[in-house]
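The values are calculated or read from the model by the stated rules, or taken from the named source; none is laboratory data. Computed from a predicted model, the values in this text were never measured in an experiment. With ideal geometry, Cβ positions are generated from the backbone for all residues, glycine too; neighbour counts draw on all protein chains shown. Accessible surface is based on the protein model in full, side chains and every heavy atom, while ligands, DNA and RNA are left aside. Shrake-Rupley method; radii C 1.70, N 1.55, O 1.52, S 1.80 Å.
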Amino acid sequence: MSLIKEISTNIRSGHYSAHDIVTHYLNLIQKTNSSIKSVTRILEERALKAAHHIDSLIANGKDPGPLAGVPFGVKDLFDLEGEITTSGSQVFNHEKPASKDATVIQSLCEAGAIPIATLNMDEFAYGFITDNSYYGITRNPHDTSRFAGGSSGGSAASVAAGILPFSLGSDTNGSIRIPAALCGVWGIRPTYNSMPMQGVYPLSESCDTVGPFCQNITDLKIVCDVMAGTFNFSVNALSSNLKVAQLGGWFERDVNPEILKVMQDIMVLFQSDKKIELQYVEQARIASYLMTASEGGALHLPILRKYPLKYDPDTRDRLIAGAMLPASSYLQAKKIEQWFKIYINTLFKEYDLLIAPTTGDIAPKIDDPVVTVEGKSVSAYTNIGIYTQSLSLTGCPILSVPITRDGNLPFGLQIMAKPFQEHLLFEVGAMLEQKGIAKASILRQKTTI
């Protein structure tokens, strides 16, 4: 059942007012946020004003839009009119507020949705776990001793906790897919350059994308449609005779056997035993890292020179290191990117979908922030994105599919299609959800208020 459709239908029918719904979710945030630290600012005045507008439209017999009165939150690198876009940092605390909403937020608001909160993130989106020195660590709602993932951790945790129907995040090298997997919600990295990026503070222009987190696959498609400016809200039946392959080798190493088993179950579902070991995947991961570091460093260098002590020391050091990378390293990384895109495109001439783990295991513990790489315990801060970074170079749309198991923490799988084939991802996601293989893990299932 679509939560978004349920909320908008109840508001349109007068069963609830938009004011009732917004107040309900504002109260949930107030009660819950201290334990998970997913929300950085509550937009109460704006939210209640927007709710009054929706209620007035309905009272006067006018169309309030397909997302009438549905509250949502945004990672704090999206511009919101009248608010300072902090990008999770103290550096911009005294900058002028944004003069208008980011383009995708304008689209959502025109459709009737209501932003009610800004959400925690790694400083300047440069991280994988949402450990923010200013706003605190966002904790996993399913086990607050564990990370929520990042850099869009506040966005994923808010949806998983049930305190927001949906949220927006950004993904450079895994920043939507990783927290979606660790928190057990649906997330998607859309095709590169398919979503308007105006009003979104960048990290790496070569890899940045924006996308939503939702509690079900139908809602994910609805929000993506609105963000992209299309309005086909139904999920079609799955195309027949899809050719599916599992990514092996690098993408099996150090992966929890239970994750591998679910991947195998999905392959059986598609009657496929095809397994591919991507060529030069480690070099592609390094190239993705170098491009992000170089582009992020170049962007921040003038600000670093002016306000070096306002940055988190770890972020500052990484950005300075990126700014000092020789141009030859960046150019070589761009060559690898172009080669990798061509190589992946040749695979999509034979296959429709490629499946891989999003992370190798469940969310790491905050007091033991490690993951396993080549049999060794290494820092989760820099290595939890080992299965997402290289795939970012492809420009392809990638769905993070939540796998929920009774009594256990969730994990996620990546399903990748060729560019602008998001419809296949939504169709497969709907099939997996229908068969009970994929399911979001939400703490508050009730939608009544």
Just to confirm my numbers, what's the Cα centroid distance between the range 154-223 and the range 336-370 in Å?
16
Rounded to a whole %, the carbon-and-sulfur portion of the accessible area of the chain at a 1.4 Å probe is 50
Report the relative contact order of the range 55-168, percent, no decimals, based on alpha-carbon pairs under 8 angstrom and at least 6 residues apart.
27
In the range 353-434, which chymotrypsin sites (Phe, Trp or Tyr not before Pro) fall in coil by DSSP and have 16 or fewer other Cβ atoms within 10 Å?
Phe420
Which one, (i) 31, 27, 20; (ii) 41, 25, 21; (iii) 38, 24, 21, gives semi-axes √(5λ) of the Cα gyration tensor in Å as derived from the coordinates shown?
(i)
The range 29-46 - phi-based ³J(HN,Hα) in whole Hz, Karplus 6.51/-1.76/1.60, Gly and Pro as x
4, 4, 6, 9, 5, 4, 8, 10, 6, 9, 9, 9, 9, 9, 9, 4, 4, 4
Hey, in the GNM for the chain with a 10 angstrom Cα cutoff, which one of Thr85, Thr230, Thr218 fluctuates hardest?
Thr230
Computed from the beta carbon distance with a Förster radius of 45 Å, FRET efficiency for Thr230 and Leu301 to the nearest 0.05 stands at 0.75
Dividing the convex hull volume of the alpha carbon atoms of the range 153-263 by its residue count, what do you get in Å³ per residue?
149
Mind checking the per residue accessible area of the range 259-398 for me, 1.4 Å probe, whole number of Å²?
49
Please work out how much accessible surface Ile437 shows to a 1.4 Å probe, ignoring ligands, DNA and RNA, in Å² rounded to 10.
40
With R₀ set to 35 angstrom, the calculated FRET efficiency between the beta-carbons of Gln283 and Gln90, to the nearest 0.05, is 0.45
Quickly work out the Arg253-to-Glu205 label distance, labels modelled 7 Å from Cα along the C-beta direction, and quote it in nm with one decimal.
3.4
How much length is gained if the chain between Ser133 and Thr346 is pulled fully straight, taking 0.36 nm per residue apart and subtracting their Cα-Cα distance, in nm to one decimal?
72.4 nm
Within the range 317-419, trypsin sites (Lys or Arg not before Pro) in DSSP loop having at most 14 other beta-carbon neighbours inside 10 Å
Lys349, Arg405
Cα-Cα longer than 27 Å, checked against Lys5/Lys274; Lys5/Lys349; Lys365/Lys435; Lys96/Lys221; Lys261/Lys418; Lys62/Lys221, kept in input order, equals Lys5/Lys274; Lys5/Lys349; Lys365/Lys435; Lys96/Lys221
Counting helices only, and only those DSSP H runs with n ≥ 4, report the 222 nm mean residue ellipticity of the chain as the sum of -39,500 (n - 2.57) divided by its residues, in deg cm²/dmol to the nearest 500.
-12000 deg cm²/dmol
So between Asp406 and Gln434, what do we pick up on full extension, going 0.36 nm a residue minus the alpha carbon distance?
8.4 nm
Around Ile342, under 12 Å between beta carbons, what's the net of Lys plus Arg minus Asp minus Glu among the other residues?
+2
Report the calculated FRET efficiency for Gln264 and Ser329 (r = Cβ-Cβ distance, R0 = 35 Å), to the nearest 0.05.
0.35
Take Glu81 and Thr382, extend 7 Å from each Cα along the Cα→Cβ direction, and tell me the distance between the two endpoints in nm.
4.4
Arranged from highest to lowest average of other beta-carbon atoms within 10 Å per residue, in what order do the peptides 156-164, 253-261, 15-23, 175-183 appear?
175-183, 156-164, 15-23, 253-261
Binned Cα-Cα distances of the range 249-401, short to long, each 5 Å bin given as a whole percent:
2, 8, 15, 17, 17, 16, 12, 7, 4, 2, 1, 0
Antiparallel content of DSSP bridges confined to the chain, in %, to 5
70
Over the range 310-350, one equal point on each Cα, no solvent: what is log10 I(q)/I(0) by the Debye formula at q = 0.21, 0.24, 0.33 Å⁻¹?
-0.71, -0.77, -0.98
Within the set of other residues whose C-beta is less than 9 Å from the C-beta of Trp250, count the net charge using Lys and Arg as +1 and Asp and Glu as -1.
-1
A chain fully extended from Lys49 to Lys275 at 0.36 nm per residue, minus the present Cα-Cα distance, gains in nm 76.0 nm
